[in-house]
1. Given 0.36 nm per residue, what is the gain on full extension from residue 185 to residue 231 after removing their alpha carbon distance, in nm?
2. Please list, or write none, the aspartates and glutamates whose alpha carbon is within less than 13 Å of the alpha carbon of residue 111, excluding same-chain residues fewer than 8 places away.
3. Quick check on packing: order 100-107, 53-60 by the mean number of other C-beta atoms within 10 Å, highest mean leading.
4. Fully extended, how many nm does the chain gain between residue 103 and residue 213 (0.36 nm per residue separation, minus their Cα-Cα distance)?
5. Once you have the Cα-Cα distance between residue 18 and residue 169, take 0.36 nm times their residue separation minus that, and quote the gain in nm to one decimal.
6. Give 98/242; 98/229; 98/231; 98/189; 189/242 a once-over and call out the pairs whose C-alpha atoms are over 29 Å from each other.
7. Where the Cα atoms of segment 141-241 are projected onto their three principal axes, how long is each span, largest first, in whole Å?
8. Taking Cα centroids, how far is segment 15-84 from segment 211-233 in Å?
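Since every read-out is calculated from the coordinates, none of them should be taken as a lab result. Everything numeric in this text was worked out from a predicted model, so none of it was measured. Neighbour counts run over all protein chains shown; Cβ positions are idealised from the backbone, glycine included.
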Amino acid sequence: MNILIIDDEADARRLLREYLADFPQLHIAAECTNGLEAITGIDQHEPDLIFLDIQMPGASGFQVLQQIVHVPQVIFSTAYDRFALKAFDHNAVDYLLKPYTRERFRQAVNKVLVSAPARNLASVRSLAEQISTETPAAAARILVEQGNKMVALALDQLVWVEADGDYTRLHTSGGRSHLSAMSMLELEKRLPAEQFVRIHRSAIIGVAHLTGTERAETGLHVLLSNGVKHKVSRTYTEILKKWMV
């Protein structure tokens with residue numbers, strides 16, 4: 001079987017390649033890093049199976065399904081929570097909830113290997129439209145590598161992000177922190193602009209956790225829900241003002 005890996009996160013694609021090594025009958029025809037590449041790649045390679053992320057630049061996984069001509073079997077690889085994806089249990093389409101185990105991956109692949117190919121485009125598109133309208137935006141998450149595993153962090157729990165050398169440290173409302181190999185610039189691009197704002201070259205804050213501001217001799221500071229106070233650099237003061245009334 002020819003397959004396509006479709007995910008904008010390099011770590012997620014790496015994990016899929018690692019787990020797919022257990023299935024020599026599955027050949028990776030190509031990898032796509034965004035929705036637009038996926039639409040072209042699916043119709044070009046006509047894979048039997050795709051591993052499809054939902055949140056991607058260019059086009060979401062749902063939009064990909066609505067625009068393709070060739071219809072492969074689909075295993076969603078997503079950070080959406082289980083409740084929002086319950087409809088998948090009643091279809092030939094399966095899903096992997098990030099972070100997932102090797103055993104869960106095997107179950108999903110085996111389910112596809114023993115089932116008849118899903119060729120009903122109308123059914124697949126209907127499912128995509130149903131889930132896209134039922135899934136709340138607050139369920140969005142970001143996948144962070146921690147040691148030898150991947151950890152999914154809910155974006156609404158992310159208080160702030162700080163630069164840590166060449167890496168970034170993500171602080172959550174639970175008082176925990178996670179070190180990510182992504183740079184500040186890369187992470188800033190991935191975080192939704194309507195939820196996060198950069199206040200300093202070394203800091204990004206979650207707007208939902210902004211509890212106030214404070215002016216001092218050293219300049220403007222923001223107060224966050226976890227008690228952290230951080231200086232706002234002059235460069236980013238104007239950007240922050242759009243959140244202040």
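1. Numbers: separation 46, 0.36 × 46 = 16.56 nm, distance 1.89 nm.
The span from residue 185 to residue 231 would gain 14.7 nm if fully extended.
2. Within the straight-line cut-off, residue 111 pairs with 89, 94, 103.
3. Values: 100-107: 13.9, 53-60: 19.4.
Packing proxy ranking, top to bottom: 53-60, 100-107.
4. On the way: separation 110, 0.36 × 110 = 39.60 nm, distance 4.75 nm.
Stretched out fully, the residue 103 to residue 213 stretch lengthens by 34.9 nm.
5. Details: separation 151, 0.36 × 151 = 54.36 nm, distance 2.59 nm.
Full extension of this stretch gives 51.8 nm more.
6. Values: 98/242 34 Å; 98/229 32 Å; 98/231 34 Å; 98/189 20 Å; 189/242 19 Å.
Exceeds cut-off: 98/242; 98/229; 98/231.
7. Largest to smallest, the principal-axis extents are 45, 24, 23 Å.
8. Their Cα centres are 42 Å away from one another.
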